[in-house]
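K.L.:
Dropping the structure in here first, questions after.
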Amino acid sequence: MGLTLQENQQDARQIESVVASVQRGETERFAIIIDAYQQQIFRYCCRMLGNVQDAEDAVQDIMVKAYQSISRYRPEVSFSAWLYRIASNHCLNLLRRRKLHRQIMNIFRPSLLAASPEQEMEKRLYSYPLEKALAELTPEERNILVLRVLEQRSFAEMSEILHISANALTKRMTTIKRKVQAAMAAEEEMTCQEPNSVMSTKI
């Protein structure tokens with residue numbers, strides 16, 4: 001059963017109290033914040049990075065950054081939004097570095113990155129169209145989609161996290177959904193037309 005609005009507000013007040021105590025020098029109480037947010041930040045990082053090991057490393061880095069900068073936190077936004085903003089920036093930076101690394105490797109060692117025909121066929125046969133579609137999104141688009149659809153954040157909360165107006169986020173979300181739907185449709189059509197598809201290999 002999900003938490004009621006009153007329970008969520010009570011939890012938020014309790015966290016704000018803990019944050020204030022950490023800012024006053026009771027640093028050992030930061031463990032309470034880790035316990036409260038570690039799992040949801042890990043889940044978010046998994047969805048952004050697509051890799052459990054990377055997500056585990058990211059959570060540790062994010063919590064260290066939050067601890068180091070907690071003195072600068074002000075309750076004009078919720079602590080949850082502030083923490084997700086740190087997580088969002090960290091994951092986006094990792095994804096950009098990962099993309100840059102792939103580009104550099106393509107320049108200097110393209111032969112090592114080229115997949116064999118068997119590997120390409122395996123990707124085509126055993127991956128979901130949705131995964132293909134998500135891979136085509138920019139890191140920023142993926143972030144918006146993860147926060148809205150998978151983390152079920154309101155546009156108001158996302159506005160606090162991303163520093164983008166709720167109205168602009170609503171429009172961008174509509175565009176992202178169309179992009180994902182078009183990519184999924186194209187992938188499904190391509191799979192159906194593939195002459196060496198799973199169905200044809202069984203005949």
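K.L.:
Does any residue in the stretch 17-30 that is closer than 9 Å to I70 by Cα come within less than 9 Å, Cβ to Cβ, of a residue that is among the β-branched types (V, I, T) and open to solvent by less than 80 Å² (accessible area, probe 1.4 Å) six or more places away or on a different chain, and which pairs are these?
P.N.:
Going by the 9 Å Cβ cut-off, the qualifying pairs are V19/I33; V19/I70; V22/I32; V22/I33; V22/I70; Q23/I70.
K.L.:
For the stretch 29-44, name all the residues that are open to solvent by 60 Å² or more (accessible area, probe 1.4 Å) and not charged (D, E, K, R).
P.N.:
Answer for the stretch 29-44, where residues must be open to solvent by 60 Å² or more (accessible area, probe 1.4 Å) and not charged (D, E, K, R): I32, Q38, Q39.
K.L.:
Output the number of residues of the stretch 144-165 satisfying the condition of being exposed (fewer than 14 other Cβ atoms within 10 Å of the Cβ) and either within 22 Å of E76 (Cα to Cα) or modelled with pLDDT of 90 or more (or both).
P.N.:
5
K.L.:
Of the residues S78, S21, which single one is modelled with pLDDT under 95, open to solvent by less than 90 Å² (accessible area, probe 1.4 Å) and more than 18 Å from L94 (Cβ to Cβ)?
P.N.:
Just one listed residue meets the conditions, S78.
K.L.:
What pairs can you find where one residue is in the stretch 151-165 and touching a residue at least 12 places away in the same chain (Cβ under 8 Å), the other is open to solvent by 40 Å² or more (accessible area, probe 1.4 Å) and part of a loop (DSSP other than H, G, I, E, B), and their Cβ atoms are less than 7 Å apart, with a gap of 6+ or different chains?
P.N.:
Pairs found: E160/S78.
The values are calculated or read from the model by the stated rules, or taken from the named source; none is laboratory data. The structure displayed is predicted, hence computed values, not measured ones. Backbone-built Cβ (ideal geometry, glycine too); neighbour counts: all protein chains shown. Ligands, DNA and RNA are stripped out before the accessible areas are found, and what is left, the full protein with its side chains, is counted by its heavy atoms. Shrake-Rupley method; radii C 1.70, N 1.55, O 1.52, S 1.80 Å.
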